[in-house]
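Data first, discussion second: the structure below is written as structure tokens.
The values are calculated or read from the model by the stated rules, or taken from the named source; none is laboratory data. Because the structure is a prediction, the values reported are computed rather than measured. Note that we place each Cβ from the backbone using ideal geometry, even for glycine, and neighbour counts take in every protein chain shown. Areas reflect the complete protein model, heavy atoms only, side chains present, ligands, DNA and RNA absent. Shrake-Rupley method; radii C 1.70, N 1.55, O 1.52, S 1.80 Å.
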Amino acid sequence: MHKLLLIIATMLVPVGNSFAANTVDFDSGVDLKNFSEEKLYETSNIEVKGPTGWEYENRRWWDEDCVNFTTDKSGPVSYEPYNLESELKVEYCRDVFVPDGPPPGGNQHPGGGPGPHNGGFNPGPGGHHPGGPGGPGGHHGPRAYDYETSDVNRGYRRECHVRVVDSVRKAVQLSIKDRKLFPWESEQFSACLEERNVKLYEKKVAYDYKAAVTQDDSTIKRYEMTPVKRLPTPPDPDGLSVRALEYVNGAFHFTFADKWAEYYPNEKTVLKVTLIRNRTLWFDKKVVTKTFTLPTNAEYTVDFEQKEGVKNGTYHINWSFVREGQTSTQDEIDMGRSDKQDDFEVRDGKVMFVAR
């Protein structure tokens with residue numbers, strides 16, 4: 001019996017000492033708030049062995065690779081095959097516990113990392129190769145992109161990186177059958193590869209085309225474009241220009257030159273002209289606005305009659321034009337202010353300076 005009591009007493013002594021060494025004396029003025037924070041920071045360096053410390057796949061997507069085919073030549077056009085490469089990207093993330101919010105500085109993007117929907121790595125048609133066809137696209141091998149996102153309220157920081165885990169290469173070739181373009185026109189097509197699918201887009205065309213796929217296998221896709229009917233295209237902003245601004249016998253005479261008149265037979269040109277008097281240290285004064293519809297010609301002259309005379313001062317015009325017909329779209333082309341070198345001064349009913 002005495003031996004049993006001695007064994008129990010011996011076992012209780014270390015336990016009592018250990019407890020006493022870690023016991024807080026609540027009467028000694030210890031701040032419980034500071035005590036809990038200190039304990040929190042002491043444990044924050046311990047590696048978490050749970051799901052929050054594991055890396056996981058967040059999302060994956062195939063990037064598009066695109067090329068633009070641009071031409072301003074009439075007749076048949078054929079391009080050399082162009083190699084495209086589409087990459088499979090995977091975003092891996094892990095959530096790291098942050099006791100006091102995210103660390104200062106660093107590369108943080110609260111809106112999320114790169115992906116197919118926020119413009120990070122998916123430029124869309126024409127994004128990778130904005131120019132015309134060139135040499136084959138190179139394969140860069142696996143690579144990663146690192147970034148961080150933070151959520152202070154929830155007390156963690158998400159660390160992510162993107163790796164290229166696969167890629168597909170395929171060539172595309174475009175040919176266009178015989179058609180005629182006007183001197184100011186150009187056409188542009190865009191071909192894009194996403195995973196194993198090649199798509200062709202018409203970005204700017206002067207014809208309604210019928211597209212035919214003449215070959216499509218694992219290495220190349222060939223398109224042949226046949227023009228069906230002509231489409232109106234926007235007119236050339238540089239097609240019309242101011243030739244002269246004059247004031248003669250109580251009337252303003254404005255002359256415009258049309259360098260593409262021969263391509264608009266039996267069509268009309270609408271000129272909208274606003275006469276403006278320049279004023280120093282104040283807003284310019286709009287005098288009058290007139291619209292003229294004229295048969296298309298190499299030169300147009302329009303008159304502004306002023307029955308009550310003209311005030312002394314320097315004048316210029318704001319102007320625009322519209323092509324009425326089947327050749328071009330009927331968009332109003334705003335040419336804005338005439339060149340300052342074309343400004344002219346009227347003094348006592350006489351022109352002191354006439355442009356050119």
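Odds and ends about this structure:
- Test result for Arg230, surrounded by 13 or more Cβ atoms within 10 Å (Cβ to Cβ) and of a type outside the set (Val, Ile, Thr): yes
- Some residue of the range 277-294 being part of a strand (DSSP E or B), surrounded by fewer than 16 Cβ atoms within 10 Å (Cβ to Cβ) and touching a residue at least 40 places away in the same chain (Cβ under 8 Å): no
- Boolean, Pro114 is open to solvent by less than 40 Å² (accessible area, probe 1.4 Å), under 25 Å from the mean Cα position of the chain (by Cα) and modelled with pLDDT under 95: yes
- Within the range 73-89, tally of residues that are more than 30 Å from Met225 (Cα to Cα) and surrounded by 16 or more Cβ atoms within 10 Å (Cβ to Cβ): 1
- Filter pass, Lys203 being under 20 Å from Leu84 (Cα atoms), open to solvent by 30 Å² or more (accessible area, probe 1.4 Å), in contact with a Ser or Thr (Cβ under 6 Å, 6 or more places away or on another chain) and in a strand (DSSP E or B): yes
- Options Val302, Val270: the member that is open to solvent by less than 80 Å² (accessible area, probe 1.4 Å), closer than 19 Å to Phe344 by Cα and aliphatic (A, V, I, L, M): Val302
- Output for the range 295-327, where each listed residue is touching a helix residue (DSSP H, G or I) at 6+ places or on another chain (Cβ under 9 Å) and either assigned to a strand (DSSP E or B) or closer than 18 Å to Pro232 by Cβ (or both): Thr296, Glu299, His316, Ile317, Thr327
- Tally, over the range 218-245, of residues that are among the hydroxyl-bearing types (Ser, Thr, Tyr), more than 23 Å from Asp331 (Cα to Cα) and in a strand (DSSP E or B): 2
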